[in-house]
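The structure under discussion appears below in the form of structure tokens.
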Amino acid sequence: MGLVTTFLLGATFLFVQLNEYIHIGFSARDGAFGTIFYGLTGLHGAHVFVGLTLLAIACTRAFRGHYGPAAKDHLGVEVPGIYWHFVDVMWIIVFTSVYVL
């Protein structure tokens with residue numbers, strides 16, 4: 001259930017990001033801030049999409065019973081988890097750079 005919840009939260013993030021792009025009021029062509037804003041948030045959104053793909057694969061494998069009690073059997077969950085934490089840390093940096101400062 002944790003994988004499914006994480007997937008749904010990531011998909012919600014992408015939906016909110018696309019909604020923000022539609023209603024933000026400026027484009028990437030409107031100066032340096034617009035370029036940096038769309039560049040950073042778009043790159044982060046692309047990484048979230050890759051993470052969602054990895055999570056979807058892990059969820060599918062989990063529902064099919066591919067993960068057993070042995071530690072070596074969990075690599076298919078650990079790798080997307082590590083990648084997802086990388087994306088989380090990057091979002092803290094992007095959020096602080098774009099929205100706070």
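Descriptive notes on the structure:
- The lone exception for residue 26 - which of (1) of a type in the set (A, V, I, L, M, F, W, C); (2) under 20 Å from residue 2 (Cβ atoms); (3) not in a helix (DSSP H, G or I) it fails: (2)
- Inter-residue pairs, beta-carbon under 6 Å, first more than 13 Å from residue 2 (Cβ to Cβ) and free of Cβ contacts under 8 Å to residues at least 24 places away in the same chain and in the range 59-81, second open to solvent by less than 80 Å² (accessible area, probe 1.4 Å) and part of a helix (DSSP H, G or I), 6+ apart: 61/76; 76/58
- Unmet requirement for residue 62, which otherwise passes all of (1) outside any helix (DSSP H, G or I); (2) over 21 Å from residue 13 (Cα atoms): (1)
- Breaking point among (1) within 15 Å of residue 7 (Cβ to Cβ); (2) surrounded by fewer than 18 Cβ atoms within 10 Å (Cβ to Cβ); (3) aliphatic (A, V, I, L, M), for residue 48: (2)
- Residue 12 being at pLDDT 90 or above, among the hydroxyl-bearing types (Ser, Thr, Tyr) and either in contact with a Cys (Cβ under 8 Å, 6 or more places away or on another chain) or open to solvent by less than 40 Å² (accessible area, probe 1.4 Å) (or both): no
- Close pairs (8 angstrom Cβ cut-off, 6 or more residues apart or separate chains): touching a residue at least 24 places away in the same chain (Cβ under 8 Å) in the range 9-33, open to solvent by 60 Å² or more (accessible area, probe 1.4 Å) and part of a helix (DSSP H, G or I) anywhere: 14/49
Results for (1) modelled with pLDDT under 95; (2) in contact with a Lys or Arg (Cβ under 6 Å, 6 or more places away or on another chain); (3) surrounded by 14 or more Cβ atoms within 10 Å (Cβ to Cβ), shown as yes or no for each residue.
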residue: 35; (1), (2), (3): yes, no, no
residue: 40; (1), (2), (3): yes, no, yes
residue: 53; (1), (2), (3): no, no, no
residue: 58; (1), (2), (3): yes, no, yes
residue: 62; (1), (2), (3): yes, no, yes
residue: 71; (1), (2), (3): yes, no, no
residue: 75; (1), (2), (3): yes, no, no
residue: 78; (1), (2), (3): yes, no, no
residue: 86; (1), (2), (3): yes, no, no
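The values are calculated or read from the model by the stated rules, or taken from the named source; none is laboratory data. On a predicted model such as this, the values are computed, not experimentally measured, just so you know. Methodologically, a virtual Cβ is constructed for each residue, glycine included, from the backbone with ideal geometry; neighbour enumeration extends over all protein chains shown. Heavy atoms of the whole protein, side chains included, go into the accessibility calculation; ligands, DNA and RNA do not. Shrake-Rupley method; radii C 1.70, N 1.55, O 1.52, S 1.80 Å.
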